[in-house]
Every structure is written in C-alpha cells, then in structure tokens.
Amino acid sequence: MMRRIVLPVFLGLAGLAAVATGPAGAQPRGIPVTTDQALVGPVPVEVLANGIVATESLITIRTRVDGQIERILVQEGDLVRRGQPLVVLDSRLNRALLAQQEAQMLRDQALAARAEADQVRYRSLRGESFASQQRFEQAQADAAAAAAVVKADEALLMQTRLNIEFATIVAEIDGRLGAIPLRAGNFVRQAENTAITTLTQMDPILVQFSVPERWLPEIKTAMAGPGIRVRAKADSDTGEPATGNVVFVDSAVDTATGTISLKARFTNADFRLWPGQYVQVTMTPRIEQGAITVAGGAVQTGQAGRFLFVVGPDGTAQRRDVEFVRSMGTRAVVRGQLANGERVIVDGAQRVVQGSRVEDRANPAPAQRVSSVN
C-alpha cells in the first residue's frame, strides 16, 4: 500500500520541476525592468523659486475738494477704465462761486480797458505838453494794476473750474476697484484724507521672487542679451503657466539670505494672476545645447558617486558613471558617456548588477532556444 501512494507523489514533483525550468535547452528569462531613452539635445536651464504676485500700481482714491457724496456710479470690485467717472460730489457751491467770479472778472476787465484808454490819452497829452509826466506815469501804473487784477481773476476762475471738475472723481488707470466704505450722503473733506476706495492695476501684473546669488552671473549675461523668460503658476491652477519677462534685478544681494530679488512682468488679461497670490516660478536664463537628460528614477547613488544602468545590444545591463547636474521636472540632467536614444533602466535597477541579463517589461523578448551540439 505504501509503494502505491509514494510513487505518484514523486511523479508529480518531477512534473512541477519540468514546468519551472521550461523546455529543455531554452535560454532563461532576464530580470524584468522598465527602461526609458536617454535624450541628447537643447535643454533649458531652469531655476525654480517661490513668488508673490504684486500689482504695478495701487491707487488710493481720495477727494481733492470738500463736498457731500451725491452719487456713486460703480460697484465694489468693478473693472473700470481710465477716465471712467466713479463718484460725483455736490458742486453747487463751487458753481455759484464760479458765476460770482466770472461777473467780477467782467467788471475788472472793464476797469482795465478804461485804465488802458487813460494811459493812451495821457501819453498823447504829455506829448503836447497838456499833461505832466507824473500824471502820465500814474495812468500807466493804473493800467498795469488793472491788467494784473484781470490775471488774478483768471487764476481764480481756473481754480474754481478745477474744483468743479474734481467733484467728479474718475479712474486714473485701468484696474479693479476695492471696497467702498462710503455711501451717497457722506460728507468728505480733503483735509481728513479719507479713502473712498482703492484701484488696483491687474493687467499687466508683476511677480516678485528671489533666487540664490550663484545665478547672478547667468542673470546679468541674459539681461544684457535677449532677456529672461519666466513662467508662473499657482498651485490651484490647472492650466498652462503664465509666461512673462524679467524687468527688474535688485541692485544688491540680500546678505541675510544670500539671494537676489527679481520682478517679472506678465500680461494678465484673463486675471489668472491675482495680487498677493503665491505662485511657483520657473526662470529660464539660457538654453544649454547638447545636454543629456534621463528619467529621474534611473540615476542611483553608490559609494563612488552617481551611476545608472544602460541596456546593451545583447540585452545585458552595463553600468555607466554619471554626474548629476540638476533636476528638470521628472527628468534629470546628467553628464557622462551616454548616446542619444540609449535605453537606461528606470525601475528594477536595484536587482541588476554589471552584466545581468534584463528584459524590458514594455517590450519583452521571446525565449530563445539554445542550439545543442551533438
């Protein structure tokens, strides 16, 4: 009975062993890995930084004349254009004063005309010896004084007309209005310096950021040439980054942080960038030609430095020492002996050693039979 039971067990184990090893003479499979191409070509040098969106112009709107608010023509948060009326003050008092000053100027102009006529008459009488020199000089002085009074009247009229004009408060720039704490009926005075609202320029807009001072030579070289392109994007923004140009480089390095401050200007017609918003900034001072990039996961660190594995033509892993330069998104810029299009191991490299046979998971090679020699 025991022999009948043991014999099938041994036969089953032999069958399992035959399945595990595969057909006789077949070449064993390589270590499964994932590969990616090494690329050689122009690569932008990118400097990453955190930035804050800032407006180029923030205007606090105040009154320049005393008066009661008659009408508010806009709403809080409205987009307004330069020259658009915002608030109207009661200007009736200034208009009455203007009418009074116009009448006074007409009187003074009449007096000036009479004084000028007297001057002309006494000039002719003096020539005929019918008037003294003193009387002529008095007429001359009266005419000059009357003319000065007319000029003073003209200045007062100009001032009053300006006050009437200032009673209609207009937008000085294109922008977005802030909160308006006052309402129609409030009395405002120039001396109190009370803010009626604020006006913030939204387009174009600035982004302020700082980079380490080691980039200063690159920045100066780029600013002396075509300039520096900058991309900015908020964390919550799902669209493409906004693109602008550096317009300001600070005149000194911050000794406390070892950084240099910069400003970039962006067109912002769609209002993607908002004043006070934090954004991720990518500055590109130049394009590096002939740079080598590989997938970031391909670069490993050993006792002798950075290295990676390349899949050779025979399907074996070959170790290459590289120098890590910088990260560029999901890829790494390296220096080393790599050709364009060579496949580097990204996943599975921890199980690979020099000369190991590997197999790309994305493109597995069929098992090959080894020819036998009889």
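Assorted remarks:
- Qualifying residue in segment 220-242 (condition: free of Cβ contacts under 8 Å to residues at least 12 places away in the same chain and not in a loop (DSSP other than H, G, I, E, B)): no
- Some residue of segment 141-162 being of a type outside the set (Gly, Ala, Ser), free of Cβ contacts under 8 Å to residues at least 40 places away in the same chain, surrounded by fewer than 19 Cβ atoms within 10 Å (Cβ to Cβ) and not assigned by TED's automatic domain parsing to the domain that holds ALA117: no
- Among the residues of segment 191-207, the ones that are within 19 Å of ALA171 (Cβ to Cβ) and either of a type in the set (S, T, N, Q) or surrounded by fewer than 15 Cβ atoms within 10 Å (Cβ to Cβ) (or both) come to 5 in all.
- Unique residue being crowded, with 18+ Cβ neighbours inside 10 Å and in contact (Cβ under 8 Å) with a residue 24 or more places away in the chain when the list is ILE173, ILE169: ILE169
- Residue among VAL87, VAL65 that alone is modelled with pLDDT of 95 or more, of a type outside the set (Lys, Arg), under 26 Å from ILE173 (Cβ atoms) and surrounded by 15 or more Cβ atoms within 10 Å (Cβ to Cβ): VAL87
- Any hit, segment 245-253, residues being outside the structural domain of ARG343 (by TED's automatic domain parsing) and in contact with an Asp or Glu (Cβ under 9 Å, 6 or more places away or on another chain): yes
- Scope segment 301-320; condition surrounded by 13 or more Cβ atoms within 10 Å (Cβ to Cβ) and either within 28 Å of ARG29 (Cβ to Cβ) or modelled with pLDDT under 90 (or both); matching residues: PHE307, LEU308, PHE309, VAL310, VAL311, GLY312, GLY315, THR316, ALA317, GLN318, ARG319, ARG320
- Counting the residues of segment 80-89 that are on the phi < 0 side of the Ramachandran plot and either within 26 Å of the chain's Cα centre (by Cα) or part of a loop (DSSP other than H, G, I, E, B) (or both) gives 4.
- If only residues of segment 37-62 that are surrounded by fewer than 18 Cβ atoms within 10 Å (Cβ to Cβ) and under 30 Å from GLN354 (Cα atoms) are counted, the one that is farthest from the chain's Cα centre (by Cα) is GLN37.
- Candidates ALA256, ALA264, ALA339 - the one that is in a strand (DSSP E or B) and either surrounded by 16 or more Cβ atoms within 10 Å (Cβ to Cβ) or among the hydrophobic types (A, V, I, L, M, F, W, C) (or both): ALA264
- Just one of the listed residues (GLN119, GLN100, GLN134, GLN159) is assigned to a helix (DSSP H, G or I) and within 30 Å of LEU58 (Cα to Cα), and it is GLN159.
The values are calculated or read from the model by the stated rules, or taken from the named source; none is laboratory data. Note that the structure is predicted; figures quoted are calculated from it, not measured. Positions of Cβ are backbone-derived with ideal geometry, glycine not excepted, and every protein chain shown enters the neighbour counts.
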